[in-house]
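Every number in this text was worked out from the coordinates using simple rules, so none of it is lab data. Worth saying up front: this structure is predicted, and the values here are computed from it rather than measured. Positions of Cβ are generated from backbone atoms using ideal geometry, with glycine treated the same way; all protein chains shown enter the neighbour counts.
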Amino acid sequence: MTLSQTTLDEMREIAGRYPEARSGLLPMLHLVQSTEGRVTPEGIEACAEILDISAAEVSGVATFYTMYKRRPVGDYHVGVCTNTLCAVMGGDQIFERLKDHLDVGNDETTEDGSITLEHVECNAACDYAPVMMVNWEFMDNMTPESAVSLVDDLRAGKEVTSTRGPRLCTWREAERVLAGFPDGRVDEGPGAGPASLVGLQIAQERGWSAPAVKASGATGTEPTGDGAQAASRTDTSVEAESAAVEAESGSDESAAEKKEAN
Ligand code: FES
């Protein structure tokens, strides 16, 4: 038995947060990872017992989501996005460079237990490609060189700050936050960077706003400002295009009718 009484109590506390206790399974698994470094068989059994569900159901969840690990994770989980946009912007080179530098393969941990390297899918942060994540915090616009410096700093115990988030903590500490026990760093960092806000800035400059929600009988989709003019221009072009298509199909029909008549 390695789960402490405190952990078991906190697992019950999580389950008690929800009208349906089983809704607490995801944060409970994060809590198990925060103390055990992975989802252990014992952690699965404890979740099942507390939630009154089967171990197979818990296991099904723990093996479905990639944030749950069945093998021990190092002090820092370093993810490199190798999905389409990041890959073409240099994500593949970053991943290869880190594999060489750390002497590990995908989903493996360095011998000193400090870094677990994994290639990850799109983080919905393509505007900052190529992107890496340390314990699920963004590291934007990376290069092979900055990636090597990053892991070296982490291994040397230096304080590192996410480019759009807080000072980085360890993977286990981050797992505790994901279990719903805040570490007080939620307001650190900018949250959204300029590249993510370009659309908002353009809308403000042009006086665009979201469609008003109307009570009933209206679509509520009419744009305002320059958007209205753009939409009306678009409507005109669509009408013209439709007329052309109709005329074209009409002439096709006439040709077909003529052919049939002959
Ligand atoms: S492809 Fe990497 S964040 Fe979207």
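Within segment 76-178, DSSP assigns beta bridges of which about 60% are antiparallel (rounded to the nearest 5).
When +1 charges are put on Lys and Arg Cβ atoms and -1 charges on Asp and Glu Cβ atoms, the dipole computed for segment 110-224 relative to its Cα centre reaches about 480 debye.
Going through segment 19-104, which chymotrypsin sites (Phe, Trp or Tyr not before Pro) have at most 14 other Cβ atoms within 10 Å and a DSSP loop state? Filter output for segment 19-104: 65. In this structure, the amide hydrogen of residue 138, modeled 1.01 Å from its nitrogen in the peptide plane, lies closer than 5 angstrom to those of 164, counting only residues at least 5 positions away or on a different chain.
For the pair residue 146 and residue 88 in one chain, pulling the backbone fully straight at 0.36 nm per residue adds 19.2 nm over the alpha carbon distance.
By the beta-carbon count within 10 Å of each Cβ, the least crowded to most crowded order of 160, 131, 213, fewest first, is 213, 160, 131.
Here's the picture: charge each Lys and Arg Cβ at +1 and each Asp and Glu Cβ at -1 in segment 32-101, and of 80, 66, 43 the one pushed furthest to the positive end of that dipole is 80.
Could you tell me which GluC sites (Glu not before Pro) in segment 67-138 are loop residues by DSSP with no more than 14 other beta carbons within 10 angstrom of their beta carbon? Write down the numbers at each step before the final one.
On the way: sites: 96, 108, 111, 118, 121, 137; in loops: 111, 121.
Passing sites in segment 67-138 are 111, 121.
For segment 1-79, the spread of Cα positions along the three principal axes, ordered from largest to smallest, is 35, 26, 21 Å.
In this simple spin-label model, placing a label point 7 Å from the Cα along the Cα-to-Cβ direction at both residue 108 and residue 212 gives a separation of 6.3 nm.
Reported to the nearest whole Å, the Cα centre-to-centre distance from segment 38-100 to segment 181-208 is 28.
Determine, for 82, 161, the number of other Cβ atoms within 10 Å of each Cβ, and report the residues in order from fewest to most. Display every interim value, and only then the final one.
Numbers: 82 20, 161 13.
In increasing order of surrounding Cβ atoms, one gets 161, 82.
Could you size up the charge dipole of segment 43-130 around its Cα centre, putting +1 on the beta carbon of Lys and Arg and -1 on that of Asp and Glu, and report it in debye to the nearest 20? Could you put the intermediate results ahead of the total?
Working: 5 positive and 16 negative charges, 32 e Å.
Result for segment 43-130 is approximately 160 debye, rounded to the nearest 20.
With each pseudo-label sitting 7 Å past Cα toward Cβ, what's the residue 124-residue 188 distance in nm, one decimal? Placing both labels 7 Å beyond Cα along the Cβ direction yields 2.4 nm.
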